[in-house]
1. For region A:49-98: of the residues being in a loop (DSSP other than H, G, I, E, B) and β-branched (Val, Ile, Thr), which is nearest to A:Ala241 (Cα to Cα)?
2. So which of A:Ser65, A:Ser86 is within 14 Å of chain C (Cβ to nearest Cβ) and modelled with pLDDT of 85 or more?
3. Every residue in region A:181-202 that is in a helix (DSSP H, G or I), in contact with a strand residue (DSSP E or B) (Cβ under 8 Å, 6 or more places away or on another chain) and crowded, with 20+ Cβ neighbours inside 10 Å, please.
4. I'm told B:Tyr135 meets every condition in (1) touching a helix residue (DSSP H, G or I) at 6+ places or on another chain (Cβ under 7 Å); (2) over 30 Å from B:Gly198 (Cβ atoms); (3) modelled with pLDDT of 85 or more except one. Can you identify the failing condition by its number?
5. Pick from B:Leu233, B:Leu245: which is assigned to a helix (DSSP H, G or I) and closer than 27 Å to A:Glu146 by Cβ?
6. Criterion first (part of a loop (DSSP other than H, G, I, E, B) and either more than 30 Å from A:Val427 (Cα to Cα) or not assigned by TED's automatic domain parsing to the domain that holds A:Ile425 (or both)) does A:Asn169 satisfy it?
7. Inspect region B:92-102 for any residue being closer than 30 Å to C:Gly262 by Cβ and part of a helix (DSSP H, G or I) and give the result as yes or no.
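The values are calculated or read from the model by the stated rules, or taken from the named source; none is laboratory data. The shown structure was predicted, so the numbers you read here are calculated from the model rather than taken from an experiment. Cβ placement follows ideal geometry from the backbone for every residue including glycine, while neighbour counts extend to all protein chains displayed.
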Amino acid sequence: MSEEQKISRRSFLQTAAAGVVGLGVGAGIGYGVSRMAAPPPELVTETTKPVKDVPKDPIKLGIISWFTGPAAMVGEAVHNAAEMTSDVINTGGGILGREIEVLKRDAGPTDVTVEAYRRYVLEDEVDLVVGDIGGSNANAITSHVENLKVPWFLQCSTTQAMVEEINPNPTFLFRSGEQNLAEPNIAAQVIAKEFPDAKKIGGINPDYVYGHEAMEYTMEALNKLAPNMESVIETWPQLYATDFSSQITAVLDAKPDVVITACWGGDFVTFAKQATAYGLFEQTKVISILGSMALNSLTKDIVPPGVWMLQRDYYFELPPHNLYPLNKWFVEEYQRRYNKIPEFDVMQVFSAVFAYKQAIEKIYDLKESYPENEEICKMIQGSQVVSPAGHRTITKDGQFLNPLPYGKTIHDPKYPIATLDPETIGVVIPEYVYNPKSLPPVLEYPLGTGMKYSDWIATW
Amino acid sequence: MKPYQIVALIGLVIACLLPFIISKYYTFILAVTFCFAIYALGYNILFGRTGLLSFGHALYLGLGAYTVAFLMRPSLGAYRIFSMELILLIVIAVSLLVGLMLGAICVRYTRIFFGLINLGFVSLWYSLLYKLRDYTGGSDGLPVYMPTLFGIEFGYETFRTFVFYYYVLGIFLLAAFIMWRIYESPFGLALKAIRENGVRAEFIGIPIGRYRLAAYVISAIYGAIGGALWAPLSGQVSPDISSWLSSGDVVFMNILGGMHTFAGPIVGAFVFYNLKVQVMHFTTYWSIILGGIVIFFVIIFPGGIMGWVSRAIPKIRKRFYAQKD
Amino acid sequence: MVKRTQKLPFLFCFSDELMDSATFVIIFLNGLYYAFALFLITIGLNILYGILRVLNIAHGGFYAMGAFITWFLMNAAEQAGAPIYLVWLCIPVGALLVALVSITLEPILFKRLYKLPEEYSLLATFALMLMLDDVLRMVFGGDPLSANQLFNYMGTISILGKTYPAYNFVIYACALILALGLWAFLYRTNMGRILRGAAQDSSMASALGVNTSILYTQVFFLAFFIAGLGGAVYLPATSAYSGMGFEAIVLSFVVMIIGGLGSLRGALVASLIIGLVRGFGIYYVPRLELAFVFIILIVTLIFRPRGLFGRKFTREEK
């Protein structure tokens, strides 16, 4: 058994005991006082030794994300997640007694994001940064993060350029969401499995790097998995477009068997609405790669049943609430606070901050002094963290690995939004199979080597 | 020595000492501000001096920045250029060419039409940057690696928060000196005449078409140099810097600082950029504050900060001399 | 082997088949959809520029305001369980509210801009646009907001076998009625003649006893009503989101230039050209999309900079 699993089991038993006591006390206090419901025992970890040599000032968590513009919902979700996470941790005693304080600011265009990070690090002395930003912004800050040495946990803003060329082996930059290449792979595998007779593929993807990569990577993977399929139409609406009717019409005319769309956020909402009106969902099968980002806006009149949707690395019903209480608590708590269902970046922020906390505690256990940033980051790499999505492993190059759910939509009377049909849910996991109906695991991309995507496909 | 020369000298000394006094973060910000000051200074010879409002000058900012990134691309292999000096020369050449080409079309029209045609060009440039993904990196842009300064390589942070500050300061001083000479030359004065009344200027023999083109090209080159110096500080170039919204920034800088004075754009760049940095940090509703300030200046103080200063100076001087009597 | 018909150099990707008549009609209608959105904004811009010489970049913000205010009204109506005709009423009411807001802005801000050179009004309205966008975000939040009642109510119709949202015809009807009404107003009524006269020579109009101040206020009301109406009538078909004003205004400028500054005919014709070219362009060469519009712009600027129906340049403008 590995070292980490020994430690985690020991501390689990201890915390289970402490947790029962803690729950009793905490529930009593928490019930009447704050808006916090008592966190489940897995989250209330403690160190085994009394705390000394630890600074008293709070740990500053800086959020740099989109708070303005068409993607403003992303920043709001990240901020909510950080608030909730820091409340949970602070109620449980903070990190070695230090409370977490959350700061936030807008990411803006690329140069402003760079300046924001530098300001947080050099002027405000934040301890860690969390946030979703655009592809160019993410590429821009890599060199600053590695040189200023304050960790940044990205959610779903990874780019192939970052992974292949600019920073294949980061120390301080963490990707708490999976890489952009995972989703197209899964899309290709879903198409190959569910629609083996399909011949023609169409695409309606936003016209920027992410959209292009989504389509290209899916087609490249399909090249290997189902060589008889071809792409017959690819349309490229502008990012943040308000009108998809021309693209939908063009796609309908080409009569593809499957349509791939990487539209996300408000784009996907408008797209789905118009696609329903033009009958796209009836005439062809649609796979949405990132539509789940606007989860709370996908009401039943916008998204019909039968649409395949990939959920990035978290779907709020999985792990099942009756089997995994942490997820049940997480979803209910988030709903209670913000009246919304948590989408994947909420879970990603949550697990990133907990990984950070866990690393500090582990180092303190060993060293009895408060760790430096570099030590914290090295400890996070290669560790495992408990999260509402299950156990997440973090690789040596800072990639959080996750189960990747997908499924067909259904209209469940329990929810106001379109959710996934449990009969159709599959999960793709690098390490183990979750659901007997799932596909073979995603063939692992050699992380940390900077290998070009096309070269990797060639090795299949 | 004249008063303004004393002020400039004091300013220079302070600028040289600043990296030792202020924090690393603000040194970085100041270095970026100097880049924008060069950009704004060049823009003013077109806007304030010649009277041509261009809403698409961010094209040249982007042109300079992308040239830098392009010359450093790993795919160039042995032909990658890291020498900042060589890069700057290439940037000047490229912006000269592009400025001549586009300027020849633009300067045929003035006033609103001039502004709108520039808007058209910058929009086209922006969409090309987006579309030609294989060359420009599309929406993600291109990374900018560390250049060498006079052949010497520096570490990332030493470069960004210390060494490059002086480099940019030096180029800024050179650019400001050259612009000063242009302003004071017959050519510079002729531009003023063209702004006041193009028809009359033509009648007294000034070749307004050629002079306008020259002003345009000079401002293009300055803009490109500003962009080229900004690129290594940022580490990444993306289409954002050439968005038409960002074109508005430089116009604001000039109006804020005072477009009919020499130092106006420089002051405006400093005030606007630092204001923006501060406001953006403390609230996500920064557009309201910045927008309000600009409207205030446009309506109440069209002469800008330096305009107000230059009107106030004679009053101060009068009072000073009156006291002596 | 995965064959991609689009693997050619990006400029030269054409689809192979000729389209059938049903698709042609649908694409034509889609082009109209896009064209009328541009038209509704550009009309207001042209009115303001033609008569008042104010180039109002903030017009996009009023378009956005129309969408948001109408969303608010429709949402409130839905919560209150109002019958469907009340929801329809939200559209003109929303537009009216936007116009009322603008009336309060006119004496504070725009009056001062009339006397300044055109460039200043460009800048001040640009700054106003930034502020408006933020104010809308402050009030309505960052999430995209949908109001689907009317869109769903109208359902879909079948055109030559293809499904098409019926609500879009409401948009077309609205835009056409507006265009006709505006033409009738300007060319058939007294008020319209006065407006056109004041546009040509405001000091002369004033000398002839026209109260230009009130006139200008009325012009503002009209222009902003149309902008708000644009946002309102399109809302059920799309959604209201932060930053939508900026998108709208850039394209409107292009339409304005191509059609001719200050020309209403030009706004209509140019919107139709751009809408239809884009619609058919997306079908044939999907990769070019927006670049089409800017190419048309540059060509216009090089060969006929005053636009299709713009007035000739005066000596000062050369």
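1. A:Thr68
2. Within the list A:Ser65, A:Ser86, the selection yields A:Ser65.
3. Across region A:181-202, the qualifying residues are A:Ala182, A:Glu183, A:Ile186, A:Ala187, A:Gln189, A:Val190, A:Ile191.
4. So B:Tyr135 meets the others, but not (1).
5. Of B:Leu233, B:Leu245, the one residue that is assigned to a helix (DSSP H, G or I) and closer than 27 Å to A:Glu146 by Cβ is B:Leu233.
6. Answer is yes for this residue.
7. yes
Residue by residue, here is whether (1) touching a residue at least 60 places away in the same chain (Cβ under 8 Å); (2) in a helix (DSSP H, G or I); (3) surrounded by fewer than 19 Cβ atoms within 10 Å (Cβ to Cβ) holds:
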site: C:Ser252; (1), (2), (3): yes, yes, no
site: C:Ile258; (1), (2), (3): no, yes, no
site: C:Phe294; (1), (2), (3): no, yes, no
site: C:Gly307; (1), (2), (3): no, no, no
